[in-house]
Amino acid sequence: MLAWIARLTLFTLAAMAPACAQTSVEQFYRGKTLTIVVGSAPGGGYDLYGRLVQRHLGRFIPGAPTVVVQNMPGAGSNRAAGYVAIQAPRDGTTIGTVMASAIMWPLMSDQPLQHDPSKFIMVGSANRSVYFCLVRSDAPVKTFAETFDREVIIGTSGEGATLREMPVMLVNVLGVKLRLVGGYTGSRDIIMAMERNEVQGMCGMDWSSMVSQRRDWIDSGFVRPLVQEDLNGHPEMNGKKVPLAIDFAKTTADRQVMEIMYSGNMFGRPYLLPPGVPQDRVDALRKAFSAMVVDEQFLAEATKAQMEISPMTGTELQEVVDKLYAMPASVIEKLKRSMIHN
């Protein structure tokens with residue numbers, strides 16, 4: 001009889017655990033403000049997606065906290081990543097959304113950080129990024145193959161950003177003649193420079209970001225996609241026969257370097273927490289994010305703004321992080337060398 005009572009008690013406690021955890025999370029978040037720290041300037045792709053998430057995420061978190069956005073651009077999102085990792089509260093009230101390079105920084109550079117990006121807790125991603133190079137239609141090159149012989153002027157942003165790191169890698173690994181002009185704050189700034197014909201194009205631009213900002217440029221033919229900086233490519237660009245940069249690699253070692261770099265595309269625009277957030281709140285935020293990205297209201301707003309949604313769960317993103325940080329040291333060293341631009 002006592003054994004049966006003990007078993008019944010265990011089953012009852014197990015059944016109650018999720019409800020208790022839900023109640024605890026709900027009590028914590030009720031009346032709280034959750035801040036999404038966006039590691040880029042207002043108006044760019046990361047900011048647009050961050051504000052879309054901000055408008056909807058709170059509906060799916062127990063306790064329905066108020067959700068706000070705080071822009072923290074700088075150092076290719078490393079400023080925001082460092083803030084989330086070191087200074088932000090570790091209680092689940094701060095979520096960061098940073099560039100993939102901020103997660104992969106120790107794999108790409110010997111410049112030290114005060115935090116370990118591999119320790120971030122991944123919440124999810126609203127879309128998978130496909131980066132590409134594009135040029136004005138009046139640029140001196142019409143195909144990517146021509147960049148091996150003819151120079152084209154490419155606008156770049158700060159160190160750590162895909163708009164800088166990806167074109168640098170193309171120059172160092174493939175030997176293309178991209179003349180890189182820095183000093184721009186982000187994609188929006190480079191787009192305006194292209195409009196003024198100050199530069200002829202950019203690389204490391206996310207397809208969904210370009211579509212959400214200047215779809216008319218693509219549809220009108222004002223710009224031409226040159227090459228995809230991705231492992232598989234985007235369906236629309238694949239349909240237009242836009243080649244993959246990795247297919248121009250001349251050696252196995254060069255291809256491995258590009259594979260690591262482009263594997264980071266799977267992060268898309270990741271949302272992450274600092275280490276140390278209580279597990280029940282991590283679980284609740286991951287569940288809320290997964291519910292949000294399939295919600296009809298969320299998807300309707302994304303569609304209206306021409307923002308692509310191709311989500312990944314926090315667990316899936318965590319597996320990508322673990323896999324990248326387990327890469328052989330020799331390949332990582334070659335990747336780091338490919339990021340140096342004189």
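If you check Gly268 against the conditions, is it small (Gly, Ala, Ser), in contact with a Lys or Arg (Cβ under 8 Å, 6 or more places away or on another chain) and within 30 Å of Leu34 (Cα to Cα)?
yes
Just need a number here: residues in segment 267-301 that are closer than 26 Å to Gly204 by Cα and either in contact with a Phe, Trp or Tyr (Cβ under 7 Å, 6 or more places away or on another chain) or buried (at least 21 other Cβ atoms within 10 Å of the Cβ) (or both).
Of the residues in that region, 8 qualify.
Filter segment 192-228 down to residues that are surrounded by 15 or more Cβ atoms within 10 Å (Cβ to Cβ), not in a loop (DSSP other than H, G, I, E, B) and not β-branched (Val, Ile, Thr), then give me how many there are.
20
Name every residue in segment 251-295 that is of a type in the set (Lys, Arg) and more than 18 Å from Met339 (Cα to Cα), in order of residue number. Break it down into steps so the answer makes sense when it comes.
To start, the set of residues in segment 251-295 that are of a type in the set (Lys, Arg) comprises 255, 269, 281, 286-287.
Selection gives Arg269, Arg281, Arg286, Lys287.
Please list, ordered by first then second residue, the pairs with beta carbon atoms under 7 Å, 6 or more apart or interchain, first in segment 44-57 and under 14 Å from Gly124 (Cβ atoms) and assigned by TED's automatic domain parsing to the domain that holds Asn71, second modelled with pLDDT under 95 and of a type in the set (Lys, Arg).
So the pair list comes out as Tyr49/Arg269.
Which one is surrounded by the fewest Cβ atoms within 10 Å (Cβ to Cβ), of the residues in segment 91-141 that are part of a loop (DSSP other than H, G, I, E, B) and among the polar types (S, T, N, Q)?
Gln114
Scan segment 142-189 residue by residue and report those that are buried (at least 24 other Cβ atoms within 10 Å of the Cβ) and of a type in the set (S, T, N, Q).
Thr147, Thr156, Ser157, Thr162, Ser187
Which ones in segment 20-43 are touching a residue at least 24 places away in the same chain (Cβ under 8 Å) and among the hydrophobic types (A, V, I, L, M, F, W, C)?
Correct list: Ala21, Val25, Phe28, Leu34, Ile36, Val37, Val38, Ala41.
Kindly list, by first and then second residue, each pair from a residue in segment 74-93 that is at pLDDT 95 or above to a residue that is of a type in the set (Ser, Thr, Tyr) and part of a helix (DSSP H, G or I), limited to pairs with Cβ atoms under 6 Å and residues at least 6 apart or on different chains.
Going by the 6 Å Cβ cut-off, there are no qualifying pairs.
Just the residues that are closer than 16 Å to Glu301 by Cβ, touching a Lys or Arg at 6+ places or on another chain (Cβ under 8 Å) and at pLDDT 95 or above, please, taken from segment 21-66.
Gly50, Phe60
If you check Gln306 against the conditions, is it under 16 Å from Leu107 (Cβ atoms) and among the polar types (S, T, N, Q)?
no
Restricting to segment 229-263, count the residues that are assigned to a helix (DSSP H, G or I) and farther than 15 Å from Val331 by Cα.
Summing the residues that are assigned to a helix (DSSP H, G or I) and farther than 15 Å from Val331 by Cα in segment 229-263 gives 9.
Within segment 72-90, which residues are assigned to a loop (DSSP other than H, G, I, E, B), among the aliphatic types (A, V, I, L, M) and out of contact with any Ser or Thr (no Cβ under 7 Å at 6 or more places or on another chain)?
Met72
Give segment 40-64 a look and list any residue that's over 16 Å from Gly96 (Cα atoms) and in a loop (DSSP other than H, G, I, E, B), or say none.
Listed by number, the residues that qualify are Gly43, Ile61, Pro62, Gly63, Ala64.
Name the one entry in Ile340, Ile309 that is under 20 Å from the mean Cα position of the chain (by Cα), in a loop (DSSP other than H, G, I, E, B), at negative phi and not hydroxyl-bearing (Ser, Thr, Tyr).
Details: Ile340 fails: under 20 Å from the mean Cα position of the chain (by Cα).
Being under 20 Å from the mean Cα position of the chain (by Cα), in a loop (DSSP other than H, G, I, E, B), at negative phi and not hydroxyl-bearing (Ser, Thr, Tyr) holds for just one of Ile340, Ile309, which is Ile309.
The values are calculated or read from the model by the stated rules, or taken from the named source; none is laboratory data. Quick caveat: nothing in here was measured; it's all calculated off a predicted structure. Glycine also receives a Cβ, built like all others from the backbone with ideal geometry; neighbour counts cover every protein chain displayed.
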